[in-house]
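I have placed the structure first, in the form of structure tokens, so that the comments after it can refer back to it.
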Amino acid sequence: MLTAVLFGSMLILMVGGVPIVFAIGLAALAGTLMIPDAPWIIVPTAMYNGMDSFPLMAIPFFLLAGELMNRGGIAERLIAFAQALIGHVRGGLGHTTVVSNTLLAMDTGSALAQVAAIGRIMIPAMAKGGYPRANATAITCAASLIGPIIPPSITMVIYAVAAGASVGALFLAAIVPGLLIALSMMVYIYAMARRQQLPVGARFSLRALATAGARAVMALLMPFIILGGVFAGVMTPTESAAVAALYAMLVGVFVFRKLTLKDLYECFLNTGIVSGFIMVIVGAARIFSDLLASEMVPQAMMAGLLEITHNPVWMLLLINLLLLVVGCLMDTTAAIIILVPVLLPAIKQIGIDPTLFGLVMCINLVIGLATPPVGAALYLASNIGQVRLEALIRAIWPLLLVQIGVLMVITYVPDLSLTIPRYFGYLR
């Protein structure tokens, strides 16, 4: 009965247009009221316990770093470098968008930050270069999904906290999937450019590449600072996030001279708003997941999955399908906090590596950022690209199919992802 109240009230509130954070929180409160003699104090206590995690402190720092990079000129210089590197290939502007997102992903870990930073530059450029505006917006939106996959990834940090997993192992495991998604999208863009006879960019120039590289060198150093410090054991992911924010601020203020006091104020304000939203979701979802645990829902779900199949191949297929649907309907953070305690026991019981499961879960839910009805990246891209949502959905689905194809490869060829963390000693 409690489980039905939890999910039923949450779905009713979501369908009624209530924001996801309040839908989860109110559903959890309704569930708490059903427990006889339950003290009200357990609600704020559970929320606090859900947010009281050192790794979660990485989230506001990475968000702040992304804000500072967008306003401080780092994104623009990375785009110029990507243009000089790959712009000469047919479909070069589309390739530049993908490469720019891949480079920026190593700094921000956020799809929405990348849609905002790169979309405002590349969507008009692609439209001017002969791309239909819907296709230009679709490429930008789909490429932004690389942001939460390639490390450092906010989504991976949240999964690591929920599952008690290693952030470093997840970061390393995500490198190859992120690069494969980028490469597969570029193959699709090249085929599309040939089919639509899109123009070839300017000829490759080693001098132009060197100039763009010199201008972007401070931006290109940032991933080495963030990830190098983590993998060398010098910094934790949370400490590296703080260093990234400080580095982005110093470069934007003193090197590129683009950050003003007003910009800094707005960066800190936006970071506080988004971080607060994420943390409240984490806290509310913690109550929700605790109530599910009290009702033995994880064990029932595990038994139900194992009744269907004990075969890891079919189990992973079922979980992929489930997560793709959930990603369309629910915020990524809330979905991870709620579903990890439910699905992880079954995953462990049939011998699937929890790091691989985390990777598969995060990629599935990230794809949901570009799918209706909840896809935040889809709506933001539609607004920035000034494209009707219906046209954008029609243009983006082939790119999402490409990403789902890569997801299936990652799911069933685990060594592609797990070899690097094994090499560095994170996994056996």
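Brief remarks on what is shown
- Residue within the stretch 383-391 that is in contact with a helix residue (DSSP H, G or I) (Cβ under 8 Å, 6 or more places away or on another chain), assigned by TED's automatic domain parsing to the domain that holds Pro124 and within 30 Å of Leu227 (Cα to Cα) present: no
- Residues satisfying the stated conditions in the stretch 1-54, i.e. over 26 Å from the mean Cα position of the chain (by Cα), at pLDDT below 75 and small (Gly, Ala, Ser): Ala38
- Test: residue in the stretch 61-79 that is crowded, with 20+ Cβ neighbours inside 10 Å, closer than 25 Å to Arg194 by Cβ and of a type outside the set (Asp, Glu): yes
- Residue satisfying condition, being assigned by TED's automatic domain parsing to the domain that holds Ile363, under 17 Å from the mean Cα position of the chain (by Cα), over 29 Å from Asp52 (Cβ atoms) and part of a helix (DSSP H, G or I), within set Val98, Val161, Val157: Val98
- Unmet criterion (only one of (1) aliphatic (A, V, I, L, M); (2) in a helix (DSSP H, G or I); (3) modelled with pLDDT under 90; (4) closer than 27 Å to Lys348 by Cα) for Ala212: (4)
- Checking Asn70 against (1) out of contact with any Lys or Arg (no Cβ under 7 Å at 6 or more places or on another chain); (2) within 22 Å of Val217 (Cα to Cα); (3) outside any helix (DSSP H, G or I), the condition it does not meet: (3)
- Failed condition for Ala334, given (1) over 20 Å from the mean Cα position of the chain (by Cα); (2) within 26 Å of Gly16 (Cβ to Cβ): (1)
- Residues of the stretch 179-189 that are closer than 15 Å to Leu359 by Cβ and either touching a Pro at 6+ places or on another chain (Cβ under 7 Å) or surrounded by 24 or more Cβ atoms within 10 Å (Cβ to Cβ) (or both): Ile181 alone.
- Residue match in the stretch 211-232 (condition: among the charged types (D, E, K, R) and under 25 Å from the mean Cα position of the chain (by Cα)): no
- Residue that is modelled with the highest pLDDT, among those in the stretch 122-161 that are in contact with a Lys or Arg (Cβ under 9 Å, 6 or more places away or on another chain) and buried (at least 24 other Cβ atoms within 10 Å of the Cβ): Ala138
- Leading residue by the ranking (farthest from the chain's Cα centre (by Cα)) among those in the stretch 372-419 that are polar (S, T, N, Q), in a helix (DSSP H, G or I) and more than 24 Å from Leu321 (Cβ to Cβ): Thr419
- Among the candidates Ala116, Ala111, Ala138, residue that is farther than 30 Å from Met249 by Cβ, small (Gly, Ala, Ser) and touching a residue at least 40 places away in the same chain (Cβ under 8 Å): Ala138
- Selection over the stretch 101-122 of residues that are part of a helix (DSSP H, G or I), polar (S, T, N, Q) and closer than 23 Å to Asp331 by Cβ gives a count of 2.
- Residue in the stretch 175-196 that is under 29 Å from Ile367 (Cα atoms), assigned by TED's automatic domain parsing to the domain that holds Thr96, of a type in the set (A, V, I, L, M) and not in a helix (DSSP H, G or I) present: no
- Residue in the stretch 178-186 that is in contact (Cβ under 8 Å) with a residue 12 or more places away in the chain and closer than 29 Å to Met51 by Cα present: yes
- Single condition Leu427 does not satisfy, out of (1) in contact (Cβ under 8 Å) with a residue 24 or more places away in the chain; (2) assigned to a helix (DSSP H, G or I); (3) not hydroxyl-bearing (Ser, Thr, Tyr): (2)
- Qualifying residue in the stretch 131-147 (condition: touching a strand residue (DSSP E or B) at 6+ places or on another chain (Cβ under 8 Å) and part of a helix (DSSP H, G or I)): no
- For the stretch 70-101, the set of residues classified as closer than 21 Å to Gly385 by Cβ and of a type in the set (Lys, Arg) consists of Arg71 only.
- From Leu259, Leu250, Leu264, residue being part of a loop (DSSP other than H, G, I, E, B), at pLDDT 85 or above and either more than 21 Å from the chain's Cα centre (by Cα) or surrounded by fewer than 21 Cβ atoms within 10 Å (Cβ to Cβ) (or both): Leu259
- Number of positions in the stretch 109-164 that are polar (S, T, N, Q) and closer than 30 Å to Pro354 by Cβ: 5
- Residue match in the stretch 15-33 (condition: in the same structural domain as Ala377 (by TED's automatic domain parsing) and not in a helix (DSSP H, G or I)): no
- Scanning the stretch 355-409 for residues that are closer than 18 Å to Arg133 by Cα, among the polar types (S, T, N, Q) and either without any contact (Cβ under 8 Å) to a residue 24 or more places away in the chain or surrounded by 20 or more Cβ atoms within 10 Å (Cβ to Cβ) (or both) returns Ser382, Asn383.
The values are calculated or read from the model by the stated rules, or taken from the named source; none is laboratory data. These figures come from a predicted structure and were not determined experimentally. We place every Cβ from the backbone using ideal geometry, glycine too, and count neighbours over all the protein chains shown.
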